[in-house]
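Engineer: My structure is below; once you've seen it, I'll send some questions.
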Amino acid sequence: MENVVIVFADKELMEEEQQEFVELIKACDMDIQQEFIQTLREINFRTYIGKGKCEEIRDYLIDKEIAHVVFDHDLTPLQIRNLEEYFQVPVMDRTELILAIFEKRAESRVARLQVEQASLSKLLPRLIGANTQLGRQSGSGKNKGAGEKQLELDRRRIKSRISEVNRELKKVELERMTQRKARQKSDLPLVSLVGYTNAGKSTILNRMLDQCAGKEEKKVLEKDMLFATLDTSIRQIKTKDGDEFLLSDTVGFVSELPHSLIKAFHSTLEEVKYASLLLQIVDASSSQHMKQMEITQETLQEIGASHIPMITVYNKCDQCDFRYPQVSGNDIYMSAKEGIGFDELYQKIHQMLYPNEMKVHMLLPYDQSKCMAELIRKGHILSREDDMHGISLEILLNEDLLKKYDMYIKK
Ligand SMILES: Nc1nc2c(ncn2[C@@H]2O[C@H](COP(=O)(O)OP(=O)(O)OP(=O)(O)O)[C@@H](O)[C@H]2O)c(=O)[nH]1
Ligand SMILES: [Mg+2]
């Protein structure tokens, strides 16, 4: 664990935002030694915070073992450099903190490449800025200083690594496109879990797998920490009513998710665009859930998925006052942890995936019983009775099936 000092500085200081920042710090295995808070009247373009606060922090840092000074805000390369020079301790801004968490968590090759791409793009402008300043110190022109040469080398290396990583990521996108085409052929609809980090997306996927029985090895990581999931996993779900669909779990959203990260995680987030239905998972027990829903909406817009039909799942109702299980329009109130509300969720998923279905009564003669296979697969049987006349069904049918089996429908 690293010892760090944190700095909150903003025009308005919101307690919940500070709390979220502390969670991010914890997620990065950092131990907070001291907090500094400043309400900013105006931003100092050289150091972001004011001169007095800078002095206070520098005095605190003397003779202490502090690995980083972390700001709950993004800083310009110039501000970072000035602050580092002044404190003589490395400075991290919010984007770098989130990147550091992602770096710790990234396990799959794709996640690693994406994190590397984002870190390098963040690093490059810092080196470019450094050059102009060093250039002045070491005398520019023909006799470049050693420091400057080194910087130019670093910069070139970084640029070539960025192109390499980009090429790798392009390959991944192609692979994913091929997989996507194969999936589309399988004819199963894709449902995507989206929402703020730590809302319970992975838990919901795992509980649904439980209900498909015996798929322990297919489970994904669910954990009480920010950004437990960093890559997209897709699993096949079969409900007890016989519905089958693919369910994808992906990286959670967070406020001010750095743009560079959204760009770098393009191939992961892109999967969401191909879903027929989104399940927005909300941590209903968080006092911030309205704000978190707004952020989810904005992020969906940014990745081009805001037009996809959506069910809003208010999860963790066991920890707050909402009545559950409860369905209200396209909203579901449930508790994934207690396993309550899943039947309601499955029904809603079915309705949303097959909006043009109609409930009908059918009488299928026994000599037509081979049609049952298709009706079981594509229809949604609510009740079945076999008697001397044939098979009586109460069933939901889509438009195609309604036409095809019209002669057996009781009018
Ligand atoms: N009390 C309660 N806790 C829950 C419920 N659902 C999930 N959790 C807990 O919330 C924490 C986060 O769950 P995850 O499923 O990992 O959340 P996630 O949305 O996948 O998070 P990221 O992968 O970080 O985006 C875990 O500790 C879960 O046990 C619930 O219905 N009630
Ligand atoms: Mg997760």
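Engineer: Has the range 335-352 got at least one residue that is among the basic types (Lys, Arg), closer than 30 Å to residue 273 by Cβ, outside any loop (DSSP other than H, G, I, E, B) and not assigned by TED's automatic domain parsing to the domain that holds residue 194?
Structural biologist: no
Engineer: Still on this structure, please answer the following. Looking at 202, 160, can you tell me which residue is within 19 Å of the chain's Cα centre (by Cα) and of a type in the set (S, T, N, Q)?
Structural biologist: Going through 202, 160 in turn, just one is within 19 Å of the chain's Cα centre (by Cα) and of a type in the set (S, T, N, Q): 202.
Engineer: Name the residue that is modelled with the lowest pLDDT, counting only residues in the range 179-218 that are part of a loop (DSSP other than H, G, I, E, B) and surrounded by 15 or more Cβ atoms within 10 Å (Cβ to Cβ).
Structural biologist: Looking at residues that are part of a loop (DSSP other than H, G, I, E, B) and surrounded by 15 or more Cβ atoms within 10 Å (Cβ to Cβ), I get 215.
Each row is one residue, and each column tells you yes or no for (1) within 16 Å of ligand 2 (Cβ to nearest atom); (2) of a type in the set (Ser, Thr, Tyr).
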| site | (1), (2) |
| --- | --- |
| 166 | no, no |
| 170 | no, no |
| 173 | no, no |
| 185 | no, no |
| 193 | yes, no |
| 197 | yes, yes |
| 201 | yes, no |
| 211 | no, no |
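Engineer: Give the residues of the range 237-278 that are assigned to a strand (DSSP E or B) and away from ligand 1 (no atom under 11 Å from the Cβ), sorted by residue number.
Structural biologist: 237, 238, 244, 245, 246, 247, 248, 277, 278 - these are the residues of the range 237-278 that are assigned to a strand (DSSP E or B) and away from ligand 1 (no atom under 11 Å from the Cβ).
Engineer: Restricting to the range 95-108, what's the tally of residues that are at pLDDT 85 or above and surrounded by fewer than 19 Cβ atoms within 10 Å (Cβ to Cβ)?
Structural biologist: Looking only at that region, the number is 2.
Engineer: Could I ask something else about it? Taking interchain pairs and intrachain pairs at least six residues apart, which have beta carbon atoms under 6 angstrom, with the first residue in the range 220-231 and more than 16 Å from residue 286 (Cα to Cα) and assigned by TED's automatic domain parsing to the domain that holds residue 198 and the second more than 10 Å from ligand 2 (Cβ to nearest atom) and part of a loop (DSSP other than H, G, I, E, B)?
Structural biologist: Final answer for the pair search is 230/106; 231/108.
Engineer: Just to be sure before I move on: is residue 244 without any contact (Cβ under 8 Å) to a residue 24 or more places away in the chain and either out of contact with any Asp or Glu (no Cβ under 9 Å at 6 or more places or on another chain) or more than 16 Å from ligand 2 (Cβ to nearest atom) (or both) in the structure I sent?
Structural biologist: Against the criterion (without any contact (Cβ under 8 Å) to a residue 24 or more places away in the chain and either out of contact with any Asp or Glu (no Cβ under 9 Å at 6 or more places or on another chain) or more than 16 Å from ligand 2 (Cβ to nearest atom) (or both)), residue 244 does not qualify.
The values are calculated or read from the model by the stated rules, or taken from the named source; none is laboratory data. Bear in mind that the values here come from a model prediction, so they are computed numbers and not experimental data. In this analysis, Cβ positions are derived from the backbone assuming ideal geometry, glycine residues included, and neighbour counts consider all displayed protein chains.
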